[in-house]
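The values are calculated or read from the model by the stated rules, or taken from the named source; none is laboratory data. Because the structure is a prediction, the values reported are computed rather than measured. Reconstructed Cβ throughout: ideal geometry from the backbone, glycine too, with neighbour counts over all protein chains shown.
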Amino acid sequence: MSGSQKKILELLETKAITVDEAQRLLSALSGEEGHHEVHVQRDRVPGLPRPPMPPRGKYLRVSVQPDPEHEHAGKVDRVNVRVPMALIRSGMKFTSLLPEEARDKVASALRNKGIDFDMKGIKPGDFDELIDALSELQVDVRSADGEIVKVFVE
Amino acid sequence: MKRPPLLLRLKIPGKKRRPGCWLPIFLLLPLALALLIVLAPVMLVVGAVVRRRGWRKRQWSTARIVIGMLCSFSGIMAVVGLICSMPGLRVDVTDDDGRFEIAVI
């Protein structure tokens, strides 16, 4: 019996987790469940080792390409933007430098617009989760005049 | 691993078709580092004073916030981290006026 399995059984014994949760964790350890579920479950159970994270995307790409049928017709607009994810992370860290009164002003202004958002509740770890979630973002839009807009992480 | 940017490619659209230019940022890095070392104590003192005392006039509150943010050790490190994250940034826009391109290497 591995250390992780023993830990799960100990948690079940102390009723820190339910039988269903223990069963899912044991199944995940044996590789039957998806990787993402294991990550979510292990976040809720203290003491268990975190599974290896999937590789993070390096760049956020925004691409606007003309309609292929009209591409050779004449001058068309193209946009190709590549932003390193590290740059986005560094930019988001600036919010943690905002002084208290500035955060209160921002929160007050947002509340006046009907948005109840408190910047004090944002922790540095939340940025990593947000960036990780952004890695799964994929937008593919074809506009009325045939332009193809894509937003994705590579 | 983060590293500071070395080259900046810049291409601005114009009436005449001009090739883009490569700017050697790596030549500016030693100068920027020297300036940072010299100005850092001054910035830290100014930042501490601004955060503590503030400005009298209300319209300077934004400047006070920005100075208070950047003129601190964590602010300086955040700016350095931001600059070192820029390699790989690329913006390429083509429209009727021509092609605008910025690439940080």
Q | Cβ pairs under 7 Å, 6+ apart, first in segment A:101-120 and under 27 Å from B:Arg52 (Cβ atoms), second of a type in the set (Phe, Trp, Tyr) | A | A:Ala107/A:Phe117
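Conditions (1) at pLDDT 85 or above; (2) aliphatic (A, V, I, L, M); (3) touching a helix residue (DSSP H, G or I) at 6+ places or on another chain (Cβ under 8 Å), marked per residue:
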| residue | (1), (2), (3) |
| --- | --- |
| B:Lys16 | no, no, no |
| B:Cys21 | yes, no, no |
| B:Ala34 | yes, yes, no |
| B:Ile37 | yes, yes, no |
| B:Val49 | no, yes, no |
| B:Gly81 | yes, no, yes |
| B:Asp96 | no, no, no |
Q) Out of segment B:62-105, which residues are farther than 20 Å from A:Ile88 by Cα and among the basic types (Lys, Arg)? A) B:Arg64, B:Arg99
